[in-house]
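Nothing in this text is a laboratory measurement; each read-out follows from the coordinates by a stated rule. Predicted model, so just to flag it, every value in this text is computed and none were measured. Virtual Cβ from ideal backbone geometry, glycine too; neighbours counted across all protein chains shown.
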Amino acid sequence: MKLIPPFLILALSSTFNLGQLAAQGGKGGIFSGRVEAVDGNNITVHHRRESKTFKIDDKTRIAYVSFLDADKEIKAGFFMRAQVDGKGRCGQLWVTLPIPEEKLNPSADMLAMTPKELFEMADSSGDGEVSYVEYATAIYRSPKHGPIGFGKSDRDKSGTLNLKEFESRLKGIKWYRVSRKTPTEWHAEFDADSDGALSKEEFIAFLGSTAHIEVFLKRADKDSSGGITVEELAAFIVTMIDEE
């Protein structure tokens with residue numbers, strides 16, 4: 001049963017607070033995961049090993065990501081990301097068709113593949129386009145971040161990614177980006193003063209972000225020397241790929 005009129009929003013520009021969700025009972029945030037149940041306008045999603053329920057209404061903006069010929073509806077087994085306020089009301093919702101739940105790590109072969117080779121691997125239907133389900137099955141799997149990144153890369157709003165759009169999306173995926181060069185090459189590129197160790201500022205330049213920087217610094221600087229060697233950067237890159 002359709003819950004709202006079927007409309008499609010594939011790209012959204014708002015940036016939301018991605019802070020950790022508290023248990024239901026006053027604080028809103030991001031719910032993401034597999035839909036467990038749909039009871040009228042009440043949706044229950046399996047989020048971080050817990051069941052979270054929220055309500056949608058006619059003000060909820062819903063993006064049915066890459067549904068193509070599928071009916072635009074919300075069903076148990078689908079995946080979603082929901083922006084929920086403190087009263088349990090959803091203002092923004094991304095819905096996707098079912099995707100695998102287990103963690104996805106790139107294989108050694110994938111780390112060496114060109115964008116075209118990765119595209120052909122992901123395009124399981126062989127139609128020359130990559131749908132969200134194909135993308136989430138083969139390349140990047142995150143109910144929280146995947147739908148937004150996919151939608152932004154779908155520049156022509158076709159519901160799928162062509163090769164050019166797919167290559168653009170790859171550049172935003174950590175495992176792909178760090179696999180394009182060796183740890184030695186990355187280290188040399190960002191060791192601005194050529195002292196053989198990346199300072200905090202140089203390490204931030206490598207990451208391209210200050211998000212969680214203290215956690216990442218502690219993880220990378222194993223000997224707490226204040227500088228990150230080539231060997232330490234290589235080990236850190238492995239953790240980046242494993243976490244993706």
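Whole-Hz Karplus values for the range 144-160 come out as 7, 10, x, x, 5, x, 4, x, 5, 7, 7, 5, 8, 6, 7, x, 9 Hz, taken residue by residue from phi with 6.51 cos²θ - 1.76 cosθ + 1.60 and θ = phi - 60°; glycine and proline positions read x. With bins 10 Å wide beginning at 0, the percent of Cα pairs of the range 29-96 falling in each bin runs 23, 60, 16, 1. Under the simplified labelling scheme, the ARG49-VAL238 pair shows an inter-label distance of 2.6 nm, with each label point 7 Å from Cα along Cα→Cβ.
Would you mind counting up the charge near CYS90? Only other residues with Cβ under 13 Å from its Cβ, with Lys and Arg at +1 and Asp and Glu at -1. Numbers along the way, then the final one.
Details: positive: LYS52, LYS55, LYS59, ARG61, ARG81, LYS87, ARG89; negative: ASP57, ASP58, ASP85.
Neighbour charge sum, excluding CYS90 itself: +4.
Along the range 43-57 the Karplus relation, 6.51 cos²θ - 1.76 cosθ + 1.60 evaluated at θ = phi - 60°, assigns HN-Hα couplings of 10, 10, 10, 7, 10, 6, 6, 10, 8, 10, 10, 9, 10, 10, 8 Hz to successive residues, with x for each Gly and Pro. The convex hull drawn around the Cα atoms of the range 79-175, when projected onto a plane and averaged over every direction, covers 6.8 nm². Taking other residues whose beta carbon is less than 13 angstrom from the beta carbon of LEU68, and scoring Lys, Arg as +1 and Asp, Glu as -1, yields -4. Mean sequence separation of contacting Cα pairs (under 8 Å, at least six apart), scaled by the length of the chain, corresponds to a relative contact order of 16 percent. Convex hull volume of the Cα atoms of the chain, normalised per residue: 138 Å³. Under the criterion of Cα pairs below 8 Å and six or more residues apart, the relative contact order for the range 181-243 equals 37 percent. Listed by chain and number, the lysines whose alpha-carbon sits under 26 Å from that of LYS181, ignoring those within fewer than 8 places in the same chain, are LYS103, LYS116, LYS152, LYS164, LYS171, LYS200, LYS218, LYS222.
Working from Cα pairs under 8 Å separated by at least six residues, relative contact order for the range 143-218 is 14 percent.
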